[in-house]
1. Once every DSSP H run of n ≥ 4 in the chain is given -39500 (n - 2.57) and the sum is divided by its residues, what mean residue ellipticity at 222 nm do you get, rounded to the nearest 500 deg cm²/dmol?
2. If contacts are Cα pairs under 8 angstrom and at least 6 residues apart, what is the relative contact order of the chain in percent?
3. Compute the distance in nm between two label points, each set 7 Å from the Cα along the Cα-to-Cβ direction, one at Gln62 and one at Ile107.
4. Taking the Cβ of each residue in Cys77, Cys215, Cys353 as the centre, tally the other Cβ atoms inside 10 Å and list the residues starting with the fewest.
5. Taking the Cβ-Cβ separation of Thr462 and Lys6 as r and a Förster radius of 35 Å, what is the calculated FRET efficiency to the nearest 0.05?
6. Ranking Leu388, Leu273 by Cβ neighbours within 10 Å, fewest first, what do you get?
7. Karplus couplings for region 453-461 from phi (6.51 cos²θ - 1.76 cosθ + 1.60, θ = phi - 60°), rounded to Hz, Gly and Pro as x?
8. As I understand it, the dipole of the chain uses +1 on the Cβ of Lys and Arg and -1 on the Cβ of Asp and Glu, about the Cα centre. Which of Val421, Thr345, Pro76 lies farthest toward its positive end?
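Each reported figure results from applying straightforward, stated rules to the coordinates on display, with no laboratory input. All figures in this text were calculated on a predicted structure; none of them were measured in a lab. So basically every Cβ, Gly included, is an ideal-geometry build from the backbone, and we count neighbours across all protein chains shown.
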Amino acid sequence: MHSEKKNETVSLHVTDLGRHGEGIGKTADGYTLFVPGTVPGDEVEALILKAGKTFGYGKLRQIRKASPDRVVPVCPCADCCGGCQLQFMKYEAQLAWKQKKVRDDLIRIGGIQEPPLGPISGMQKKLRYRNKAQFPVGTGKDGKPVAGFYEGHSHRIVPCSDCQLGAKENATVIRVILEWMQEFHIPAYDEQTGNGLVRHVLIRKGTATGEILVCLVINSTAPEKDNRNPGYSQKRRKKKKAEGLRTEWKNELIRRLTEADSFFEEDSFLTGLTINYNPENTNVILGKRTECIWGKPYLLDRLTSEKYGFSVTYQISSQSFYQVNHEQTQKIYEKVLDLAELTGTETVLDLYCGIGTISLYLARRAAHVIGVEIVPQAIEDARKNAELNDIQHAEFFTGRAEKVVPELVRQKNIHADVVVVDPPRKGCDPELLRTILQISPEKIIYVSCDPATLSRDIKYLTENGYRLAYAKPYDQFGMTVHVETVVLMSRKDT
Ligand code: SAH
């Protein structure tokens, strides 16, 4: 029987980390407590915030003896920001934990007894590796506009313009935008009332090109000429339009941001400024319509495979997905090519293809590539990217992979030697997996950002004619709990 109660302070020996990066420890009488910000090997005192029968949640009160794996976080916001759950841990310990997490999931969820798992690939650049940042904008206690991040599990904005994972230029862009808002009395959006204008600032940087694209998300419908949404009545349209950004404000922002270029790193420059219109009462950051008010509505970046001796240039719009870590993405895509072992005669399907990133890598070595992606803007980018790189044998389809692929099988009787999937965290749709089995490719290459759903899908595939031939984790998201895995499934009869 455990006697631990809420609001009690207990001593704890931390021995493990939970899924969300919180330390897990036991009290002297064996009660389990989850405490964020603690590291395996720590001896701590923690306040019990929530006490269940067998386990509870606590708050770190004091470190009595620090783990040898504990380090002082670089970022002053590490404590209150939910983003970097592992910044308290030595990088090597972070890698070891991620490797173990993938292995454990493959065994426990995937049912693979001895996973053929390569060693995790770590990042050279441990900070400032993210090429994308999104800052919510709000109003501070003093009435001035602020930008930063949401405090863990809340919608309170903690001011912070220089996340250590992001580009150095972000801080300059944010400073310019906040000063501009303050001087022209442009109000930040208020989630409670639905009033105000500026909701988010999105900044993307092409690591190889230095191009910076800034997107300002505002609480307004798109200007009349762009607004083809019949859901808005004339009256509402007028009202919303009046609340939009005035032309003189836009011009002033353009002037200030283009001048701020001089504060950027030597090879970096502003390539475009876009306004995204999101009048909905929603947590979704981007609305449907984007207007480019200066420069280009997209940025360019380049990924290179030294091993295969080529580069691919990509155009990336504000709405399209693009991998956030340039260094690791190059390694992952190269691994996909290694595992595909293409000879130049194959047909390859790239499902969840985004802007055709993997598709165009594969196209360098395959006879025919078919990409499928749900976001229309991303498919527009993908087609443009094929053109940009002079690739004629890649075609792209818009829609849900689980709907489009069965249709392609039914109507065009498509076949594929290799199928690549790179789904979001929830993994592949069961209908899609069934269709892949029907296509029966020799190889399935699965790029996953969630080892749990990956393992669930591997289990299904191993029960239906495939075996797990190889898996390798990649640290794309250092300092956070996330881990990417590349997997090769081979047809058992090959
Ligand atoms: N392979 C790409 C994109 C991977 S991210 C790359 O490496 O850059 C996952 C992509 O899946 C996103 O672009 C997302 O828009 C898309 N997506 C999400 N659900 C989908 C679905 N049901 N069908 C097709 N694409 C989907």
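1. -8000 deg cm²/dmol
2. The normalised contact order for the chain reaches 12 percent.
3. Each label point is offset 7 Å from its Cα along the Cβ direction, giving 3.8 nm.
4. With the fewest neighbours first, Cys77, Cys215, Cys353 line up as Cys77, Cys215, Cys353.
5. 0.20
6. In order of increasing Cβ crowding within 10 Å: Leu388, Leu273.
7. 6, 4, 5, 4, 5, 4, 4, 4, 5
8. Checked the options; the winner is Pro76.
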